[in-house]
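Written below as structure tokens is the structure these notes are about.
The values are calculated or read from the model by the stated rules, or taken from the named source; none is laboratory data. What you are looking at is a predicted structure, and each value in this text was computed from that prediction instead of being measured. Using ideal geometry, Cβ is built from the backbone for each residue, glycine included, and neighbour counts are taken over all protein chains shown.
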Amino acid sequence: MAILEQSPYTLESRSNWRQRVKKVVPEYGQARGRWSGISRGDVARASKRAFDGITVGQFRQEDDLIPIVLRHQESERVQAATNIDMLQVLSPFAIDAVPLAQVTKSVEVAWEDPVIWRWDRRRAITVQASPKIGVTTPTLRDSVLSEFNAIKLPPGYKMDWDGEYDTSKESQDGLKPGMVPALIIMVFII
């Protein structure tokens with residue numbers, strides 16, 4: 001994207017990956033969890049219930065299926081976000097809930113990509129650019145092509161050109177087999 005933004009022919013550049021979001025990462029303590037009767041799944045269900053809610057059913061309204069979500073009240077969600085160590089985790093085999101801090105070593109907040117796009121089952125990121133008004137797409141591509149080719153990719157990575165370039169190349173390649181017979185027929189007619 002930096003190469004495209006530096007080009008004088010680029011109006012705007014963008015990618016299909018979204019802004020990174022925060023996620024809560026509790027580090028489960030195996031010994032503590034066993035003593036409490038709390039598993040990793042119990043911790044996951046408690047944190048999902050506290051923040052996102054758990055789907056417990058569906059409500060049908062004409063042609064629409066609306067999920068029924070069980071989640072904490074707003075005040076409890078805010079409290080869970082500010083003091084996650086006190087989030088109550090309940091085991092299916094226990095009567096009383098235990099705080100999250102009792103069964104985890106630590107709780108960290110990490111950044112992650114919310115959507116990871118794939119192309120042919122491989123992770124992919126699409127970088128797009130719009131040319132300025134009065135500039136053609138091939139002109140923009142030619143202005144950045146040498147810089148893109150100079151990028152050293154690690155093993156297992158590859159870069160493909162798609163979009164307008166790929167479709168026009170595909171169209172031109174489709175015309176090539178018919179060029180020789182058409183030329184022969186034209187010469188024969190003349």
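Numbers below:
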{"quantity": "Answer residue from region 67-100, given it is under 24 Å from Val21 (Cβ atoms) and in contact with an Asp or Glu (Cβ under 9 Å, 6 or more places away or on another chain) and is surrounded by the most Cβ atoms within 10 Å (Cβ to Cβ) among those", "calculated": "Val89"}
{"quantity": "Tally of residues being within 22 Å of Glu12 (Cα to Cα) and part of a loop (DSSP other than H, G, I, E, B) across region 116-148", "calculated": "9"}
{"quantity": "Failed criterion for Asp113 (all others in (1) more than 26 Å from the chain's Cα centre (by Cα); (2) touching a residue at least 12 places away in the same chain (Cβ under 8 Å) hold)", "calculated": "(1)"}
{"quantity": "Hits in region 149-190 - residues which are outside any helix (DSSP H, G or I) and more than 29 Å from the chain's Cα centre (by Cα)", "calculated": "Ile190"}
{"quantity": "Leading residue by the ranking (farthest from Thr82 (Cα to Cα)) among those in region 3-49 that are surrounded by fewer than 15 Cβ atoms within 10 Å (Cβ to Cβ) and in contact with a helix residue (DSSP H, G or I) (Cβ under 8 Å, 6 or more places away or on another chain)", "calculated": "Pro8"}
{"quantity": "Single condition Glu164 does not satisfy, out of (1) in contact with a Pro (Cβ under 9 Å, 6 or more places away or on another chain); (2) among the charged types (D, E, K, R); (3) within 23 Å of Arg45 (Cα to Cα)", "calculated": "(3)"}
{"quantity": "Subset of region 117-142 (residues that are exposed (fewer than 11 other Cβ atoms within 10 Å of the Cβ) and without any contact (Cβ under 8 Å) to a residue 12 or more places away in the chain)", "calculated": "Arg118, Asp120, Arg121, Arg122, Arg123, Gly134"}
{"quantity": "Count - residues of region 91-106 that are at pLDDT 85 or above and either aliphatic (A, V, I, L, M) or closer than 17 Å to His72 by Cα (or both)", "calculated": "6"}
